[in-house]
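Below: the structure, in structure tokens.
The values are calculated or read from the model by the stated rules, or taken from the named source; none is laboratory data. Since the model is a prediction, treat every value here as computed from it, not as a measurement. Using ideal geometry, Cβ is built from the backbone for each residue, glycine included, and neighbour counts are taken over all protein chains shown. Surface accessibility is based on the protein's heavy atoms, side chains included, excluding ligands, DNA and RNA. Shrake-Rupley method; radii C 1.70, N 1.55, O 1.52, S 1.80 Å.
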Amino acid sequence: AEKLTVLLDWFINPDHGPLIVAQEQGLFTKAGLDVEMIEPADPSLPPKLVAAGKADIAVSYQPQLHVQVNEGLPLARFATLVGTPLNSLVVLADGDIKSIADLKGKKVGFSVGGFEDALLKAMLSKHGLTLKDIELVNVNWSLSPSLLTGQVDAVIGAYRNFELNQMDIEGHPGRAFYVEEEGVPIYDELILVTHTDKRDNPALKKFVSAIEAATVFIINHPDEAWEIFRDSDKKKLDNELNKRAWKDTLRRFSLRPAALDKARYNKFAEFMLEQKLIDKVPALDDYAFGLE
Amino acid sequence: MIRSIITTLGILLAWHVVILVLAPPRFIFPGPWDVMVAFVDNFSLLIENLAITSVEIVVGLFIGCVLGMLSALLLISFDGARRWLLPVLVVSQAIPVFALAPLLTLWFGYGIAPKIIMASLIIFFPVSAACHDGLRYAPTSRLDLARTMGASNWAILRHIRLPSALPAIASGVRVAAAVAPIGAVVGEWVGSSKGLGYIMLHANARMQTDLMFAALFLLCLASVALYFSVNRLLDNLLSWQADTTRHNQFQYSQQGTPRQ
Amino acid sequence: MIRSIITTLGILLAWHVVILVLAPPRFIFPGPWDVMVAFVDNFSLLIENLAITSVEIVVGLFIGCVLGMLSALLLISFDGARRWLLPVLVVSQAIPVFALAPLLTLWFGYGIAPKIIMASLIIFFPVSAACHDGLRYAPTSRLDLARTMGASNWAILRHIRLPSALPAIASGVRVAAAVAPIGAVVGEWVGSSKGLGYIMLHANARMQTDLMFAALFLLCLASVALYFSVNRLLDNLLSWQADTTRHNQFQYSQQGTPRQ
Amino acid sequence: MDQTLALSIKNISLSFAKTTIFDGLSVDLIAQQWTCLLGQSGCGKSTLLRLIAGLQQADSGTIEYSEQLKSSINNIAYMAQDDCLMPWLSVLDNVMLGARLRGEKNTNASSKALALLEVVGLSQHHASMPATLSGGQRQRVALARTLFEDCPIVLMDEPFSKLDAISRYKLQNLSAKALQGRTVVLVTHDPQEALRLAHTVLVLSNKSPNISQFASFNSAIPRELDQPTITAHQQKLWEYLQ
Amino acid sequence: MDQTLALSIKNISLSFAKTTIFDGLSVDLIAQQWTCLLGQSGCGKSTLLRLIAGLQQADSGTIEYSEQLKSSINNIAYMAQDDCLMPWLSVLDNVMLGARLRGEKNTNASSKALALLEVVGLSQHHASMPATLSGGQRQRVALARTLFEDCPIVLMDEPFSKLDAISRYKLQNLSAKALQGRTVVLVTHDPQEALRLAHTVLVLSNKSPNISQFASFNSAIPRELDQPTITAHQQKLWEYLQ
Ligand SMILES: Nc1ncnc2c1ncn2[C@@H]1O[C@H](COP(=O)(O)OP(=O)(O)OP(=O)(O)O)[C@@H](O)[C@H]1O
Ligand SMILES: Nc1ncnc2c1ncn2[C@@H]1O[C@H](COP(=O)(O)OP(=O)(O)OP(=O)(O)O)[C@@H](O)[C@H]1O
Ligand SMILES: [Mg+2]
Ligand SMILES: [Mg+2]
């Protein structure tokens, strides 16, 4: 079997459903692949290691990809795991922020992902505000706790399938403002990237096919798939939060992981350029390809 | 033994009181009972990961101490080395994990090695500094005597400076023993899927604060056990020191003594 | 001064050699030239944030040292305290930042306070342990003399134990000075929008490794400067120690001396 | 207790790990007199001094102090065999250590200390640090520190051992004068010194009875070397010690 | 250099911070003889010994060692004023310190050390740690350690100062025997000791010329106390010192 090292973006969570299910169902093995998945603690690390040739595939985010490519990392997207943004601006449901315009003069927490401030800027500008009208606070590890304890009035970088459930379980439901509805072009949240030199690696195709099969299985048999996912590491994954997040994540998995929406990438690249997160728009072919 | 149980109970009580008085949200600071439940529920998970972290701690402590002592020896043996190496050592201390993590993973992969390196690195400086100070301040009279006996620099180092520095070195090793667990945990941030540090990070990200505290509690127990083992070991090694110094309070010796 | 410049150049050279030999990818470990460019480009940004971090470091160092010494005094003054407090101190050392972070921010907000607390916490134990060891091992003969002079426990502590412990305390403070910067940086991870730690975190997330290393370089410079300032200060305070001990190599005194 | 006794050691026993040092030792110290203690190296002289100073716990037995002594606080000055100067204090501050430790806010402490340094011949070294002194100079600082204490009981463990013959002679005289009216216990290895300064000469030994009185003299101290007390007893004491 | 000289100190000057210790001091040490050094406390006796041992750098001047001395490595045994026992070594190991430091793999080192401990009367303490010894016992261990070294030049700084008269007398005899044929420099405060042991008695002083020879004797050492050399010179030396 051919060995493939996959670096996840974060600890295993329902976002990785297709990967885990494919692994558990032996889809990778059937395709002649020996896949090892590794969890990092710092989401910015996996792309670097793939770029350095220390792993074959990394789970990353589309906005980060633009930044990475701009910084000269030899990376290219070859598949999409989650085809919509998950990122959102979250406030307390019973708080006094009903619209983004209400953020004026408030504190907004963010986790340093590298571009949250740009998202926020775009969202604010739709409501006639600028970053100067709010106070940005890096709350690093603790998005929901800082919101729940009133340290900040809103957080950007919270996942709609995750933090919302988390807050609900804690008894303080939140309200999400979806980035793509508030002036940010739509993008793929979770993508798979590889080194540009490895774009012709035939294993990638087998890998994506396995994922596609797993995704279809998940959509068709959500409860069974949940059990498979949960049982892959029962000790860590079997809890209320994952169960709920699973439900909310299901409908966001990309049904055609190999397909590349070129317009979407180009449009988002333009947006990134506008936000000065990147300083040129490279040719799409250089950093994204689909697998026919 | 009894004492450590009482201490543990005392901490639990203090904890409970804090919960009662400050009433922090459960997802920030859970009460002892919640943690206990999480501990029991995840017992085998915790123990498995404790084993891994313990290995990292002990190996890291060992390597860090050995390297720290070696570097102190180097610093003291070569007067030139000291001037140039010391700044490098200080710098090594100021580098945050996430700057090192990519390099470590790049060079050492994802196994246990980078965690041990991290733990060693954190321990390295306190030990090295303490050793170096101890070695520096050997009493002149002992050095002079050794020199008249025709001792080589190496023999002086080994037989005079090193034993003279032992109390200082012991101090450094004690600090290292207390710092090693955090070293291993920080090492697990470098990227791992195992160990108490991973469990804590994971639980923290999931807001499973009770599990995080259960892991934390275990880590603390391990730390205290390690510290006191090392402490006892060092005290045994340094029994000669006890004769010339005294830590306990002064004892009046005679009932008829005229002073109060 | 000259020496520190040479050291800096030496480090740069070593860095360059590492780049040449190991050729790590630029986005993991950039070369000195890239970093220099990033440094110049972001000079005012870096300096601003250095100022903030420096304040955190210095204040944290001060508070950590003071608290460490106080706790050592407490430990030594009350024999009972030692038995119960020591495990608590060890535990305090083993608690990783991210476990404390939510609590700290909950109680102290996102201002400069939690960073100072973080820095203080990290250096607290090394100082406390070193002081405690120093205070414990006061020579019996000095304690005896003081006791016959009718000194109170407090006077003995202040005038005998404390000066006797100064070399050990200085050792602890030296370690603290080297560790304080990382404390402040870790404090900045916990949540902040300012400081070198924040810049590094941010640059790391944006893959601006050169900027991260520029900030790191500045942090290292600050650490080294702090360390050597503290070192010099302590050496001045402890000049009496130099007379009874000797660190430099033995010097042959007479040209006609018969030994090689 | 007899009024003329400063303290009375009763039936003290003491052993370290293997060796028995005292086995039922009893002795009385007469108030305001000099008692000189001789004995072989390692026989327990320093240990006895430490017992009196309350620095060493006996296995059994008691030491009874006179009423007068019990009433005051700082009543025993102890000069150990080792000079025990504090390396971080100047010579002057070392002499005044007692005042510092007791928190005495006495402005003339330093002039008193300077005067004592003058007496022991170290006034020009008053600002030096102990590490720069010679062995004999250190011992003289320790002596000055002991005299500074001004206590009714003074215990001195070989206080002149590191001094040259001339300085020793002078300082014996000075100490005798300065400590007039005090109860002094002096450990010495020099029989001549004992005969010059003692009202009572005690000899300690390892064998039971641990202590024996060689002689007691009524004449004023210090005695001149050619005084009959000394010349007559010197040979006798030498033989007694053997 | 004269063949009978062990070493020759030429025109040495030395000052510490404020004070001048030696100002052009010159003296020759005769090989295989005992030279006793007397002088006031603080006049520089220990410093002179340290100069000879190569532990102290002079401001100017030289010390010339005889050819024979230059050829061997471990040729000076130095016994400092302070006993300087290593607290982490047992008494026996302290005596054998030199062998340990030179990495000598000599199996009879320990029997030699035990024999020396027997000589200084501490054989039953051979396994004790230094911290449990009395002052005089420590000094005897240091003496045994110095004798163990077996060097052609032996420098001893008040080696008997903490011993009782009897032990001192015995150890003087023993040392004289053990160190026969060695060049010995002995610093002492006891004029009688100097007269018993010296072939040459030197007196050091602060004033220039720093050193003067009181007398030199040809008779064998140790001399008995009632020998004419001693009785005749005792009073003279006392006066000379003043
Ligand atoms: N490191 C130093 N710094 C300044 N002065 C010093 C230093 N070492 C020695 N001295 C001075 O040198 C002088 C001679 O000291 P040394 O120890 O040689 O005297 P000594 O003749 O051995 O006296 P003693 O009989 O008291 O041992 C003393 O006055 C001492 O204060
Ligand atoms: N802590 C200890 N442990 C074991 N033995 C001890 C201890 N302290 C003292 N001794 C022993 O007690 C004996 C008496 O010691 P002490 O110091 O009283 O003798 P000394 O009469 O003062 O002798 P010196 O004239 O040599 O000073 C010695 O044999 C010594 O070995
Ligand atoms: Mg004694
Ligand atoms: Mg001397």
Euclidean distance of C-alpha centroids, region C:201-226 and region A:30-94, integer Å: 24
Accessible surface buried upon E-D contact (total; probe 1.4 Å; Å², nearest 100): 2200
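Given R₀ = 41 Å, FRET efficiency for C:Ser152-A:Leu136 by Cβ-Cβ distance, to 0.05? Could you put the intermediate results ahead of the total?
Details: r = 56 Å, r/R0 = 1.36.
Given R0 = 41 Å and the Cβ-Cβ separation, E is 0.15.
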Listed residues A:Phe207, A:Phe11, A:Phe229, most fluctuating in chain A (Gaussian network, C-alpha, under 10 Å): A:Phe11
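Might you tell me the accessible area per residue for region E:1-128, computed with a 1.4 Å probe and given in Å²?
On the way: 5320 Å² over 128 residues.
That works out to 42 Å² per residue.
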Helix D:165-178 vs. chain D, principal-axis angle (Cα, 0 to 90°, nearest 10): 90
Computed label-point distance, nm, for sites A:Arg199 and C:Thr8 using a 7 Å Cα→Cβ extension: 4.4
Dipole of the protein assembly as shown [Lys/Arg +1, Asp/Glu -1 at C-beta], most positive-end residue of D:Gly24, B:Pro25, A:Leu92: D:Gly24
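Would you calculate, for chain E, the mean residue ellipticity at 222 nm contributed by helices, counting each DSSP H stretch of 4 or more residues as -39,500 (n - 2.57) and dividing by all residues, to the nearest 500?
-10000 deg cm²/dmol
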Violating pairs (Cα-Cα greater than 29 angstrom) within the set A:Lys132/C:Lys115; A:Lys48/A:Lys106; D:Lys170/E:Lys177: A:Lys48/A:Lys106; D:Lys170/E:Lys177
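With r as the distance between the Cβ atoms of C:Leu20 and D:Ala115 and R0 = 45 Å, compute the FRET efficiency 1/(1 + (r/R0)^6) and round to 0.05.
Numbers: r = 73 Å, r/R0 = 1.62.
Given R0 = 45 Å and the Cβ-Cβ separation, E is 0.05.
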Spin-label model distance (nm) - E:Gln68 vs A:His221, 7 Å beyond Cα toward Cβ: 10.3
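Just the accessible area per residue of chain A, please: how many Å² with a 1.4 Å probe?
Numbers: 10720 Å² over 292 residues.
Per-residue value: 37 Å².
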Burial order of peptide ranges C:12-20, A:211-219 (average beta-carbon count within 10 Å, highest first): A:211-219, C:12-20
Ascending list, in nanometres, of distances separating the D:Gln57 label from those of the other copies (7 Å, Cα toward Cβ): 5.1
Label geometry 7 Å along the beta-carbon vector: E:Ala220 inter-copy distances in nm: 5.0
Pair-distance profile P(r), taking every C-alpha pair of region C:30-238, with 5 angstrom steps and integer %: 1, 8, 13, 16, 15, 14, 11, 8, 5, 4, 2, 1, 1, 0
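How well do other chains shield peptide E:98-110, expressed as the mean number of their Cβ atoms within 10 Å of each residue Cβ? Walk me through the intermediate numbers first.
Details: counts 6, 1, 6, 13, 6, 6, 0, 0, 0, 0, 0, 0, 0.
Taking the mean over all residues of the peptide, I get 3.
For region B:30-238, what's the relative contact order in percent, using C-alpha pairs closer than 8 Å and at least 6 residues apart? Please list the in-between numbers first.
Values: 267 pairs, mean separation 65.7, N = 209.
So the answer I get is 31 percent.
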Nearest-ten-degree value, helix C:209-237 long axis tilted from longest Cα axis of chain C: 20
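How big is the C-B contact in terms of buried accessible area, both chains counted, 1.4 Å probe, rounded to the nearest 100 Å²? Don't skip to the answer; put the middle values down first.
Values: alone 16070 and 16020 Å², together 24830 Å².
Buried area between the two chains comes out at roughly 7300 Å².
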Residue among C:Phe228, C:Phe213, C:Phe125 with the largest mean-square fluctuation in a Gaussian network model of chain C, springs linking Cα atoms under 10 Å: C:Phe228
Tilt relative to chain C, helix C:32-41 - C-alpha long axis, 0 to 90 degrees, to 10: 80
List of region C:124-163 residues, accessible area with partners at least 50 Å² below that of the chain alone (1.4 Å probe): C:Asp133, C:Arg136, C:Tyr137, C:Thr140, C:Arg142, C:Asp144, C:Leu145, C:Arg147, C:Thr148, C:Met149, C:His159
Candidates E:Leu204, E:Leu163, E:Leu143, ranked by Gaussian network fluctuation over chain E, Cα under 10 Å, top entry: E:Leu163
Chain B, rotation onto C, residue closest to that axis via Cβ, with its distance in Å: B:Pro126, 3
D versus C: buried accessible surface, summed, Å² (probe 1.4 Å, to nearest 100): 1800
Share of alpha-carbon pairs per 10 Å distance bin for region D:85-150, given as whole %: 25, 60, 15, 0
Copy-to-copy label separations for C:Ile6, where each label sits 7 Å from Cα toward Cβ, in nm and ascending: 5.9
Size descriptor, Kirkwood hydrodynamic radius, that averages inverse alpha-carbon separations across chain D, Å: 18.6
Peptide-level mean, for E:54-60, of C-beta atoms on other protein chains within 10 Å: 5
Links that overshoot a 20 Å alpha carbon limit, given the list A:Lys98/A:Lys243; E:Lys18/E:Lys162; A:Lys104/A:Lys126; A:Lys206/A:Lys267; A:Lys3/A:Lys234: A:Lys98/A:Lys243; E:Lys18/E:Lys162; A:Lys206/A:Lys267; A:Lys3/A:Lys234
Scattering profile of the protein assembly as shown at q = 0.05 Å⁻¹ [log10 I(q)/I(0), Debye over alpha-carbon scatterers]: -0.49
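Pull out a ≥ b ≥ c, the square roots of the eigenvalues of the alpha-carbon gyration tensor of chain A, then state rounded if a/c is under 1.5, prolate if not and a/b is larger than b/c, and oblate in the remaining case.
Values: a/c = 2.08, a/b = 1.31, b/c = 1.59.
Because a/c hits 1.5 or more and a/b fails to exceed b/c, chain A counts as oblate.
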Residue and distance (whole Å) for the chain D Cβ nearest the axis that superposes D on E: D:Ser161, 3
Dimensionless Rg over Rh [region E:1-76; C-alpha; Kirkwood]: 0.97
Calculated FRET efficiency for the pair D:Ala220/D:Ser123, C-beta based, R₀ 22 Å, to 0.05: 0.20
Antiparallel DSSP beta bridges within region D:104-213, percent to nearest 5: 40
Aspartates and glutamates whose Cα lies under 13 Å from that of E:Lys105, excluding same-chain neighbours fewer than 8 positions away: none
Where labels lie 7 Å past Cα in the beta-carbon direction, separation of E:Thr4 and D:Lys18 in nm: 4.9
Dipole of region B:30-238, positive end: most advanced residue of B:Ala203, B:Val186, B:Asn49 [Cβ charges, Cα centre]: B:Val186
Antiparallel DSSP beta bridges within the protein assembly as shown, percent to nearest 5: 55
